[in-house]
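Here the structure comes first, spelled out in structure tokens, and everything after it is commentary.
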């Protein structure tokens, strides 16, 4: 049953973010391209780090990596681009997290990867705070539900198995609240 919940979470997140990428091609939904580029890179790194740390079923990073890549491509093709102080601070924070990851090993890679994911999300949080756009509520809500499912499906309460899905619950809840207010 846990395996099915984990797979369901990955499928829900993957489908929701893919559907969001498709909707981005049709509608003008403000998204921060830098955040999505960083998330694509970090999701891939977190997927590899989770596997290296012993997580045999990193469902959420698998779904996030593939779908975030598609959103990034759509945003780049649309020519949506903004770079400011928030993006600069985010990239520096991600860089520092990755440097620490390289020095500290696989378990710390997950901790630093999750920290970097949150730092990479700052531009999106800032944009949603300044200019909330309720058109994206369903994507943040769906990915939050997917994170809940993959958190429940994790084999044990460990950094390797649950830190990323639990963090994703909170991040997506924050984004959901910001875009619907």
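Values quoted throughout were computed directly from the atomic coordinates according to the rules given, and no laboratory measurement underlies them. Not measured: the values here are computed from a predicted model. Positions of Cβ are backbone-derived with ideal geometry, glycine not excepted, and every protein chain shown enters the neighbour counts.
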- Which whole-angstrom value gives the distance between the alpha carbon centres of region 103-181 and region 1-56? 10 Å
- Item | Fluctuation leader among 51, 60, 38 - the chain, Gaussian network, Cα springs under 10 angstrom | 51
- Starting from the Cα-Cα distance between residue 52 and residue 131, subtract it from 0.36 nm times their residue separation and give me the gain in nm to one decimal. 24.5 nm
- Task: Provide Rg over Rh for region 31-181; use the alpha carbon set for both Rg and the Kirkwood Rh (inverse mean inverse pair distance).
- Result: 0.95
- In degrees, nearest ten, helix 106-130 long axis to first principal axis of the chain (Cα): 20 degrees
- Task: For the chain, find the longest principal axis of its Cα atoms and tell me its angle to the long axis of helix 2-26, 0 to 90°, nearest 10.
- Result: 20 degrees
- Query: In nanometres, what is the gap between the two model label sites at residue 18 and residue 3, each 7 Å from Cα along Cα-to-Cβ?
  - Reply: 2.2 nm
- Listed with the fewest Cβ neighbours within 10 Å leading, 162, 181 appear as 181, 162
- Item | Calculated log₁₀ intensity ratio I(q)/I(0) where the Debye formula runs over C-alpha points of region 115-181, q = 0.16, 0.20, 0.26 Å⁻¹ | -0.54, -0.77, -1.07
- Message: Using Cβ contacts closer than 10 Å as the measure, can you line up 179, 92, 74 from fewest to most?
- Response: 92, 74, 179
- Sorted by Cβ neighbour density within 10 Å, fewest at the top, the residues 161, 127, 28: 28, 127, 161
- Query: Using a Gaussian network model of the chain with C-alpha springs under 10 Å, which one of 116, 19, 168 is most mobile by mean-square fluctuation?
  - Reply: 19
- Helix 164-180: angle to the longest alpha-carbon principal axis of the chain, degrees 0 to 90, nearest 10? 20 degrees
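Does region 1-107 classify as rounded, prolate or oblate by the C-alpha gyration tensor (a ≥ b ≥ c root eigenvalues; a/c under 1.5 gives rounded; else a/b over b/c gives prolate, otherwise oblate)? Walk me through the intermediate numbers first.
On the way: a/c = 3.19, a/b = 1.14, b/c = 2.80.
Oblate shape, in that a/c is at least 1.5 and b/c is the bigger or equal ratio.
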